[in-house]
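Asks: Take a look at this one; I'll ask things after.
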Amino acid sequence: MIALGEAAAGLFGAWRLACRKPDGLRYMDTSRDGALRSFWAAALALPAAIPLTLMRLSYFPPRADTTAVIAIEIVAYAIGWAAFPVVAHAAAGIAERGHRFTMLVAAYNWVSLLQIFILLAAAPVTLGGFVPAPIDTLLEIALRVALTAYLAFTIRVALDLSWAAAIGLALVEFMLGLSIFRTVVTLEDAWPLPPGAA
């Protein structure tokens, strides 16, 4: 279990990074144990992740049975939190930044938690149908670009990389998420996608 104070500090550090303040890392426990505990962010994110998942299911109704859908969602959620750290571990080794890997893991987990809260807060606008479809699409794209830039800044600070390398890794994380999404939709037999969603 993780202490409430440590979680609050990690989330505050993520907020500082969102404000483009490199000192956000100072509020996080970036030791090996701290990095492992930061995966509790996945549990803390559930109150926001569950409604976001239900919204997605309403847009992409699954034809698979309920038990299969629940199992798929649980496995996909776990993979979604673990996939990028695995890739980043290899990237950190190649870039000779292995000694900073735990810093990246802690930062990534707390930043991901904040990003999920941001997505939930934005959902009424981006998914609520309150604005015309073209504007809705533009807002969704702008939000995704902003979150990817936020992650790129976090990666750059945590691993002390160039902007090009950090942006590249952030795009890898985005593509991993997209691949998981498309795999989930396929396994839940929610194809074909609605017009314009592919």
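Readers should treat all values here as calculations from the given coordinates under stated rules, not as data from a laboratory. Keep in mind it's a predicted model, so treat the numbers as computed, not measured. Heads up, the Cβs are rebuilt from the backbone with ideal geometry, glycines too, and the neighbour counts pull from every protein chain shown.
Asks: If you place +1 on the Cβ of every Lys and Arg, -1 on the Cβ of every Asp and Glu, and leave all else neutral, what size is the dipole of the chain about its Cα centre, to the nearest 20 Debye?
Replies: Here the size comes out at about 440 debye.
Asks: Tell me what the chain gives for mean residue ellipticity at 222 nm when only DSSP H runs of n ≥ 4 count, each as -39,500 (n - 2.57), the sum divided by the residue total, rounded to 500 deg cm²/dmol.
Replies: -25000 deg cm²/dmol, from helical runs alone.
Asks: Let me ask something additional. Please arrange 188, 6 by counting, for each residue, the other beta carbons lying within 10 Å of its beta carbon, fewest first.
Replies: 6, 188
Asks: Follow-up. So, by mean Cβ neighbours within 10 angstrom, what's the order for 53-61, 157-165 with the highest one leading?
Replies: Put in order of decreasing packing, that is 157-165, 53-61.
Asks: Using DSSP H assignments, which helices in the chain have an axial alpha-carbon span of 15 Å or above and a mean Kyte-Doolittle hydropathy of 1.0 or higher?
Replies: Flagged H segments are 46-59, 66-94, 101-126, 133-159, 163-187.
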